[in-house]
1. How much length would be gained if the chain were fully extended between ALA28 and LYS62, taking 0.36 nm per residue of separation minus their Cα-Cα distance, in nm to one decimal?
2. Amide H of ALA85 versus every other amide H placed in the peptide plane: which residues, excluding those fewer than 5 positions away on the same chain, fall under 5 Å?
3. Kindly flag which residue pairs out of LYS29/LYS64; LYS29/LYS68; LYS29/LYS56; LYS56/LYS86; LYS27/LYS64 have an alpha-carbon separation exceeding 18 Å in this structure.
4. Hey, which aspartates and glutamates would be in cross-link range of LYS62, C-alpha to C-alpha under 18 Å, not counting anything within fewer than 8 residues on its own chain?
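Only the coordinates and a few stated rules stand behind these numbers; no lab work does. Here the structure is a predicted model, which is why all the values come from computation and not from measurement.
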Amino acid sequence: MIKYTCFLVLSAAICGTAIAGDAAAGKAKFEEVCSACHEKADQAGKDASALEAKIKDVASGKAKHKKKLTLTDAEAADLAAYWTAK
Ligand code: HEC
């Protein structure tokens with residue numbers, strides 16, 4: 001838990017005013033749904049807000065994706081926070 005809090009603090013520092021998602025919640029969702037096809041390492045260190053936008057595009061059907069994703073905006077932010085954490 002301390003580790004994830006640290007991620008949140010770090011990403012908040014890097015992203016300035018952006019409110020980071022909850023990486024711990026994102027981890028649970030990632031392992032439940034995304035890890036069947038995606039590697040955690042693929043997005044590690046990338047920009048969380050850019051990935052969040054991409055995940056939202058996938059969930060809304062705007063971006064093509066192999067699997068239909070049903071995610072709330074909060075879940076997209078959580079996933080982005082976890083997935084981009086190193
Ligand atoms: C059935 C397999 C499958 C599952 C499950 C899956 N994806 Fe994907 N996803 C893909 C494939 C295939 C691609 C296209 C190739 C790539 O970029 O890895 C992709 C691409 C993406 C991209 C675009 C990446 C980029 O850099 O443009 C995002 C964002 C994404 N997936 C998010 C998710 C999230 C979030 C979940 C879980 C909630 C998820 N995916 C679950 C197969 C899957």
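1. Details: separation 34, 0.36 × 34 = 12.24 nm, distance 2.46 nm.
Gain on extension, ALA28 to LYS62, equals 9.8 nm.
2. Amide H neighbours of ALA85, under 5 Å, 5+ apart: GLY45.
3. Details: LYS29/LYS64 20 Å; LYS29/LYS68 15 Å; LYS29/LYS56 15 Å; LYS56/LYS86 21 Å; LYS27/LYS64 23 Å.
Over 18 Å Cα-Cα: LYS29/LYS64; LYS56/LYS86; LYS27/LYS64.
4. The reachable aspartates and glutamates, counting only those whose Cα sits under 18 Å from LYS62, are GLU52, ASP73, GLU75.
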